[in-house]
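In what follows, a structure is listed as structure tokens, so that the remarks can point back to it.
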């Protein structure tokens with residue numbers, strides 16, 4: 001009998017994506033909180049690398065998405081209110097880099 005495999009397995013962050021050591025969170029900070037979501041800033045105790053994670057609850061349960069960052073905690077919120085990056089922005093950067 002073949003075992004059913006979930007095409008979307010649950011993965012828990014168990015190691016730092018930067019230094020690969022067992023993840024030891026140092027002083028997680030809630031940057032912003034809404035009804036069903038929290039924006040969290042996490043620092044690795046080993047390498048001092050930082051992650052910004054959005055943890056939220058929807059109809060499917062608890063979810064999160066995170067990104068490695070070099071931003072200080074005080075620099076995160078201003079980007080929240082920034083305009084979205086357009087395809088024109090991407091093309092401009094690409095052309096600028098390749099015209100050197």
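Among residues of the range 54-78 that are free of Cβ contacts under 8 Å to residues at least 24 places away in the same chain and on the phi < 0 side of the Ramachandran plot, those with a beta-carbon under 6 Å from a residue that is exposed (fewer than 11 other Cβ atoms within 10 Å of the Cβ) and part of a strand (DSSP E or B) at least six positions away or on a different chain give the pairs 54/65.
Scanning the range 78-93 for residues that are modelled with pLDDT of 90 or more and either touching a helix residue (DSSP H, G or I) at 6+ places or on another chain (Cβ under 8 Å) or not in a loop (DSSP other than H, G, I, E, B) (or both) yields 87, 88, 89, 90, 91, 92, 93.
If I go through the range 56-77 residue by residue, how many of them are within 20 Å of residue 43 (Cα to Cα) and either modelled with pLDDT under 90 or not in a loop (DSSP other than H, G, I, E, B) (or both)? Looking only at that region, the number is 13. Listed by first and then second residue, the pairs with beta-carbon distance under 9 Å, at least 6 apart or on different chains, first residue in the range 28-52 and free of Cβ contacts under 8 Å to residues at least 24 places away in the same chain and on the phi > 0 side of the Ramachandran plot, second in a strand (DSSP E or B) and surrounded by fewer than 18 Cβ atoms within 10 Å (Cβ to Cβ), are 48/26.
The values are calculated or read from the model by the stated rules, or taken from the named source; none is laboratory data. Keep in mind the model is a prediction, meaning the values are calculated, not measured. Using ideal geometry, Cβ is built from the backbone for each residue, glycine included, and neighbour counts are taken over all protein chains shown.
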